[in-house]
Amino acid sequence: MLNIVLFGPPGSGKGTQAENIIRKYNLKHLSTGDLLRAEIAGKTELGMRAKSIMDKGALVPDEIVIGMIEKRINAEKDPKGFIFDGFPRTVAQAESLDKMLSEKKTSITLIISLDVKRQELINRLLKRGKEQGRSDDNLETIENRIKVYENQTTPVMNYYDGQGKARYIDGMGTIEEIFKRIEKVIR
Ligand code: B4P
């Protein structure tokens, strides 16, 4: 199986590039952001709890996102592999993911980190906020999301670096240019 983690700060292009990767490699897309937004749209209890956390730009508790991912992994019969987008965001999530995959006799193949300048992240997310009205794409929440990423999420790269699985790519440029760099790393 080919199991890829797409990693990077908010607005670095994880969701955008995940779509290109799925199309080319026929992997199953698991985005915790999308799963949480589906819970919010369905007005479930979990969704209501998640919404107030996401609107502040904080992380939803580990046990919630780990439970959501575990359910999706177990529901797949004979997948070619997974693309994890926005997960894991803490070392505890990364350790749980390793455990879930080893129970399926597989593991993470590689983690790709998209490197994008801070001002570009803010510009992209403000633009999406205007175009799509996502309630967490406003300046105050964006700045907090970036801070949370720097403090709580960057240790995840060290975790995978220790396993020799981390790859860093330049996430500045057009969507097509960045996808070419990702393809090269996967090849
Ligand atoms: P996510 O949904 O994961 O959102 P994100 O990090 O902001 O990135 P996303 O993938 O959506 O955007 P992309 O960079 O592709 O998380 C939202 C919230 O959910 C988190 O803050 C947290 O509260 C919660 N959450 C999710 N997962 C969690 C977890 N595991 N644990 C705890 N909490 C969790 O794109 C951004 C914009 O840039 C798009 O409009 C796109 O069109 C544009 N863009 C992309 N590439 C571009 C390029 N090359 N040039 C110009 N624009 C580009």
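Mind checking the stretch 125-162 for trypsin sites (Lys or Arg not before Pro) that DSSP puts in a loop (not H, G, I, E or B) and that have at most 16 other Cβ atoms within 10 Å? Mind showing how you got there, number by number?
Details: sites: Lys127, Arg128, Lys130, Arg134, Arg145, Lys147; in loops: Arg134.
Taking the stretch 125-162 and a limit of 16 other Cβ atoms within 10 Å, the loop trypsin sites (Lys or Arg not before Pro) found are Arg134.
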query: What number, in percent, do you get for the relative contact order of the chain if the mean sequence gap of Cα pairs under 8 Å and at least 6 apart is divided by its residue count?
result: 33 percent
- line: Most exposed to least, judged by fewest other Cβ atoms within 10 Å, Asp85, Asp170 sort to Asp170, Asp85
query: So which GluC sites (Glu not before Pro) in the stretch 1-74 are both in a DSSP loop and have at most 10 other Cβ atoms within 10 Å of their Cβ?
result: none
query: So which lysines pass the test for Lys117, namely a Cα distance under 16 Å, with those fewer than 8 places away in the same chain ruled out?
result: Lys14, Lys127, Lys147
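Taken together, the values in this text are just the output of simple stated rules run on the coordinates, not laboratory data. Quick caveat: nothing in here was measured; it's all calculated off a predicted structure. So basically every Cβ, Gly included, is an ideal-geometry build from the backbone, and we count neighbours across all protein chains shown.
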